[in-house]
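Since the structure comes first, as structure tokens, the remarks are kept for the end.
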Amino acid sequence: MQNQNETTEFEVQPSSGANGSGSGKGKKKPKEKLDPRREFFEWIELFGYAVAVVIVLFTFICRIAVVDGPSMEQTLFDKEVLLVTDFMYEPKPGDVIVFQSNTILNNEAIVKRVIATEGQTVDIDFETWTVTVDGVPLKEDYVNYIAGQYMNGSSYQFPLTVEEGKIFVMGDNRNHSTDSRDYRIGQVDTRFVLGRVLARVMPLQKFGPIQ
């Protein structure tokens with residue numbers, strides 16, 4: 001005799017569709033309403049995390065600097081806002097950096113370009129505006145060259161070899177820049193370097209990386 005609980009090939013199992021009376025799969029559960037107070041506190045928590053991330057970012061990785069004066073034109077201009085980082089950074093020739101000097105501007109931040117690092121020898125032809133490092137003339141398309149004028153002179157004699165732990169820096173606007181040519185700044189101790197300029201963040205229409 002056939003067991004009543006078994007199904008023959010001619011019988012149909014109960015449907016699990018919308019019209020069936022089966023397990024109810026496929027039925028939409030009513031949308032759970034969020035408690036407004038819970039949602040509010042979740043937003044507060046999210047905001048707190050965001051603030052914490054920003055604080056950590058600007059404490060240990062990045063900082064903001066503002067350009068003061070024309071010494072880096074045509075690369076950077078007065079009052080532009082820069083994003084700077086010193087995270088795992090060692091100065092390299094060509095980098096635009098921010099540093100402090102205890103001999104000028106009351107330790108305010110100064111923006112210049114690294115020309116040479118320790119052990120490298122710098123030479124300058126002030127008539128042709130040619131800067132040479134270790135015997136190789138630099139290709140400096142960024143320099144604000146003034147035709148018919150000599151580059152501003154220096155307090156030092158060239159060629160000059162950069163001392164250990166220091167860097168030689170210059171502004172891109174060579175005739176309107178107080179930099180390592182001037183005894184008031186001279187060779188910059190790397191311990192006073194605040195970081196490399198990553199990007200210009202203001203004005204917004206000029207936002208982007210700095211080369």
Practice task
Could you tell me which residue of the range 126-150 is farthest from ASP68 (Cα to Cα), considering only residues that are assigned to a loop (DSSP other than H, G, I, E, B) and touching a strand residue (DSSP E or B) at 6+ places or on another chain (Cβ under 7 Å)?
Solution key: ASP134
Problem - Given (1) closer than 19 Å to THR117 by Cα; (2) exposed (fewer than 14 other Cβ atoms within 10 Å of the Cβ); (3) touching a residue at least 12 places away in the same chain (Cβ under 8 Å); (4) of a type outside the set (Gly, Ala, Ser), number of the condition LEU160 does not satisfy - result: (2)
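Within the range 163-173, is there a residue that is part of a strand (DSSP E or B), of a type in the set (A, V, I, L, M, F, W, C), within 22 Å of ARG63 (Cβ to Cβ) and in contact with a Ser or Thr (Cβ under 7 Å, 6 or more places away or on another chain)?
Going residue by residue through the range 163-173, those that are part of a strand (DSSP E or B) are 166-170.
When the remaining residues are screened for being of a type in the set (A, V, I, L, M, F, W, C), the result is 167-170.
Of the ones still in play, those that are also within 22 Å of ARG63 (Cβ to Cβ) are 167, 169.
Next, only the ones that are in contact with a Ser or Thr (Cβ under 7 Å, 6 or more places away or on another chain) stay: 167, 169.
Checked against the condition, which is being part of a strand (DSSP E or B), of a type in the set (A, V, I, L, M, F, W, C), within 22 Å of ARG63 (Cβ to Cβ) and in contact with a Ser or Thr (Cβ under 7 Å, 6 or more places away or on another chain), the range 163-173 yields at least one hit.
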Practice task
Just name the residue that is surrounded by the most Cβ atoms within 10 Å (Cβ to Cβ) out of those in the range 189-211 that are part of a strand (DSSP E or B) and hydrophobic (A, V, I, L, M, F, W, C).
Solution key: VAL197
Problem - Tabulated pairs, the range 193-207, first closer than 10 Å to ASP86 by Cα and at pLDDT 90 or above, second surrounded by fewer than 14 Cβ atoms within 10 Å (Cβ to Cβ) and among the aromatic types (Phe, Trp, Tyr), C-beta under 8 angstrom, 6+ apart or interchain - result: GLY195/PHE87
Fill in the blank from the handout: Among (1) under 24 Å from the mean Cα position of the chain (by Cα); (2) of a type outside the set (Gly, Ala, Ser); (3) surrounded by fewer than 20 Cβ atoms within 10 Å (Cβ to Cβ); (4) outside any loop (DSSP other than H, G, I, E, B), ASP123 falls short only on (1)
Exercise for the section: Filter the range 174-188 for residues that are surrounded by 20 or more Cβ atoms within 10 Å (Cβ to Cβ) and in a helix (DSSP H, G or I) and give the result. Expected result: ARG174
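Please verify whether GLU73 is surrounded by 14 or more Cβ atoms within 10 Å (Cβ to Cβ), of a type in the set (D, E, K, R) and under 20 Å from the mean Cα position of the chain (by Cα), treating the condition exactly as stated. Please lay out each step first, then the result.
Working: surrounded by 14 or more Cβ atoms within 10 Å (Cβ to Cβ): yes; of a type in the set (D, E, K, R): yes; under 20 Å from the mean Cα position of the chain (by Cα): yes.
Yes.
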Practice task
Among the residues of the range 164-192, count how many are among the polar types (S, T, N, Q), touching a residue at least 40 places away in the same chain (Cβ under 8 Å) and closer than 19 Å to THR130 by Cβ.
Solution key: 3
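The values are calculated or read from the model by the stated rules, or taken from the named source; none is laboratory data. Just so it is clear, the structure is predicted and the values come from calculations on it, not from any experiment. Note that we place each Cβ from the backbone using ideal geometry, even for glycine, and neighbour counts take in every protein chain shown.
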